[in-house]
Amino acid sequence: MDSIKIGQIVNTHGLKGEIKIYPYTDDIEDIAKFKKIYLDPELKLEYIVRDSKIIKNMIVFKLAGIDTLEQTKNLMQKYIYTKKVKIKEENTYYIEDLINLDIYTVDDLNDFSKALYFGKLVNVFNSGASDVYEVKTEIQTVYLPAIKDVILKISLEEGKVYVKIMEGLI
């Protein structure tokens, strides 16, 4: 997909057509600088951002052509999207690209070919210190910290994440 979901319109702001957006990223300053957003994942329904501000960890946009409270009500609960750009930073991924990857455990750090299927990555969330990978196994749900001692390798091409289960983690 060429787009990434970056937030959801959750409320109006004022009486002149501003919308309040709950961001799906920690980097709300970057979103507040956007010059345009899209209201569909195919990037066809484009809106120009005339003004923006951050209020209490929410983003408030004034969109071109949306000038009344009545017009904003038609936008409520819609998701906002932007063009997905290739991440250049090593070991950084879009969460949507990680969801549904297969998780494999590795005992021999020099031989990933002996890795055993462990489960499927179903969610990623932030715990404050690091991201946490929620993995659904055949028997239970397991939470793995996304740290280099646990997450050894991510291969989007193979659709696999290789992990080392540290003693006491499960």
Aspartates and glutamates near Lys62 by alpha-carbon distance under 20 Å, same-chain residues fewer than 8 away left out - which ones? Glu18, Asp27, Glu29, Asp30, Asp40, Glu46, Asp51, Glu70
Debye log10 I(q)/I(0) for the range 95-163, one point scatterer per Cα, at q = 0.11, 0.12, 0.27 Å⁻¹: -0.23, -0.27, -1.34
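So if the hydrodynamic radius of the range 3-83 is defined as the Kirkwood radius over C-alpha pairs, what does Stokes-Einstein give as its diffusion coefficient at 10 °C and 1.306 mPa s, in µm² per second? Don't jump to the answer; show the numbers that get you there.
Numbers: Rh = 12.2 Å.
Answer, rounded: 130 µm²/s.
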1/(1 + (r/R0)^6) with r = Cβ-Cβ of Leu116 and Tyr143, R0 = 22 Å, i.e. FRET efficiency to nearest 0.05, evaluates to 0.70
Length gained if Tyr93 through Glu42 is fully extended, taking 0.36 nm per residue and subtracting the Cα-Cα distance, is 16.3 nm
Of the range 12-44, those with amide N under 20 Å from the point 7 Å along the Cα→Cβ vector of Asn126 are 21-34
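Which FRET efficiency value, to the nearest 0.05, do you get for Leu152 and Thr68 by plugging their Cβ-Cβ distance into 1/(1 + (r/R0)^6) with R0 = 41 Å?
After rounding, the FRET efficiency stands at 0.15.
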Farthest towards the positive end of the dipole of the range 2-56, among His13, Pro23, Leu43 and with Cβ unit charges of +1 on Lys and Arg and -1 on Asp and Glu, lies the Cα of His13
Per-residue HN-Hα couplings for the range 94-104, Karplus 6.51 cos²θ - 1.76 cosθ + 1.60 at θ = phi - 60°, whole Hz, x for Gly and Pro? 6, 4, 4, 6, 8, 4, 6, 6, 7, 9, 10
From Cα coordinates alone, what are the radius of gyration and Dmax values for the chain in angstrom? 19.8, 62
If you plug each phi of the range 41-49 into the Karplus form 6.51 cos²θ - 1.76 cosθ + 1.60 with θ = phi - 60°, what whole-Hz ³J(HN,Hα) values come out, in order, with x for Gly and Pro? x, 7, 6, 9, 8, 9, 10, 7, 8
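Please work out how much length the chain gains when fully extended from Lys78 to Lys16, using 0.36 nm per residue of separation minus the C-alpha to C-alpha distance, in nm with one decimal.
Working: separation 62, 0.36 × 62 = 22.32 nm, distance 1.87 nm.
Going from the current span to full extension adds 20.4 nm.
Restricting the count to DSSP beta bridges whose residues both fall in the chain, what percent are antiparallel, rounded to a multiple of 5? Please report the intermediate quantities before stating the final value.
Values: 44 of 48 bridges.
Once the DSSP bridges in the chain are tallied, antiparallel ones form about 90 percent.
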Going through Lys33/Lys83; Lys5/Lys78; Lys36/Lys84; Lys44/Lys83; Lys35/Lys84; Lys114/Lys136 one by one, the pairs whose alpha carbons sit over 19 Å apart turn out to be Lys114/Lys136
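Test of the criteria: in the range 1-48, which GluC sites (Glu not before Pro) are in a DSSP loop and have at most 13 other Cβ atoms within 10 angstrom of their Cβ?
Details: sites: Glu18, Glu29, Glu42, Glu46; in loops: Glu42.
Sites meeting the loop and neighbour criteria: Glu42.
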Whole Å is fine, so just give me how far the alpha carbon centre of the range 47-69 lies from that of the range 19-36. 10
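Since every read-out is calculated from the coordinates, none of them should be taken as a lab result. Worth saying up front: this structure is predicted, and the values here are computed from it rather than measured. Please note: Cβ atoms are built from the backbone with ideal geometry, for glycine as well, and neighbour counts cover all protein chains shown.
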